[in-house]
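The values are calculated or read from the model by the stated rules, or taken from the named source; none is laboratory data. None of these values were measured; they are calculated from a predicted model. For neighbour counting, all protein chains shown are included, and Cβ atoms are generated from backbone atoms with ideal geometry for every residue, glycine included. Areas reflect the complete protein model, heavy atoms only, side chains present, ligands, DNA and RNA absent. Shrake-Rupley method; radii C 1.70, N 1.55, O 1.52, S 1.80 Å.
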Amino acid sequence: MITRTVQGLPDDHLDGFFRNSHLLTEANLDIGDNPILIGESSDGSEKREVWKRFSEGRLDGEADIFSFSVPGYSGKFHFDQGNEIKFVPKQDVDITWELDGSQGFTSFTLTVPDGTRYIFGEHLSKTAKESTKTIDVAEIDVFPTTWYLLRVETPDKKYHIDLEYVNENYSYASPSSCRWIYSSCLSTETPSN
């Protein structure tokens, strides 16, 4: 299973860290250094607007923390400002991901040193993700928080084990935060396009 702890906005949100972390580097330059950068005006107003959006939480300046666990390997990872994965602790595993414009991260594939591949989230016509919907006064956000294991493949890809899950839905109100939260768990149905 791969889970994540959201820091600010989800990384794969349109204003999230994964899609906008380059603005941190670009907006960090002194105002007079490069007025062409991020389309800013010569007085630096564009740069100030970017920093204002970060400070108000409208742009995400902190990477989410992802955790993974497969037989023999577990740990955490996050994306750096170049969208490269950094493992904590450093490990000899590889993770690739699929990113859909509207759905965010749809799947992850973790490959361990012997070549065994673990596929999480979406694969072929199956989906095994857990999403959380947060309804606030101003907006509604739905984002995946957990990607479940769907397939284990041998290094030569001749053999595989497919996993299926039973769909489960639940919801609850959280009056202390004045938000309604709805979580939809596992689905083995074909994702809608």
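Note on the stretch 39-84: among residues that are on the phi > 0 side of the Ramachandran plot and either part of a helix (DSSP H, G or I) or at pLDDT below 80 (or both), the one that is surrounded by the most Cβ atoms within 10 Å (Cβ to Cβ) is 44. Could you tell me which residue of the stretch 85-106 is most open to solvent (accessible area, probe 1.4 Å), considering only residues that are without any contact (Cβ under 8 Å) to a residue 12 or more places away in the chain and either within 24 Å of residue 154 (Cβ to Cβ) or assigned to a strand (DSSP E or B) (or both)? Within the stretch 85-106, the match that is most open to solvent (accessible area, probe 1.4 Å) is 86. Please verify whether residue 18 is in a helix (DSSP H, G or I), modelled with pLDDT of 75 or more and surrounded by 11 or more Cβ atoms within 10 Å (Cβ to Cβ), treating the condition exactly as stated. Judged against the criteria, residue 18 is a match. Here residue 109 meets the list (1) open to solvent by 20 Å² or more (accessible area, probe 1.4 Å); (2) among the β-branched types (Val, Ile, Thr); (3) at pLDDT below 95 almost entirely, failing just condition (3).
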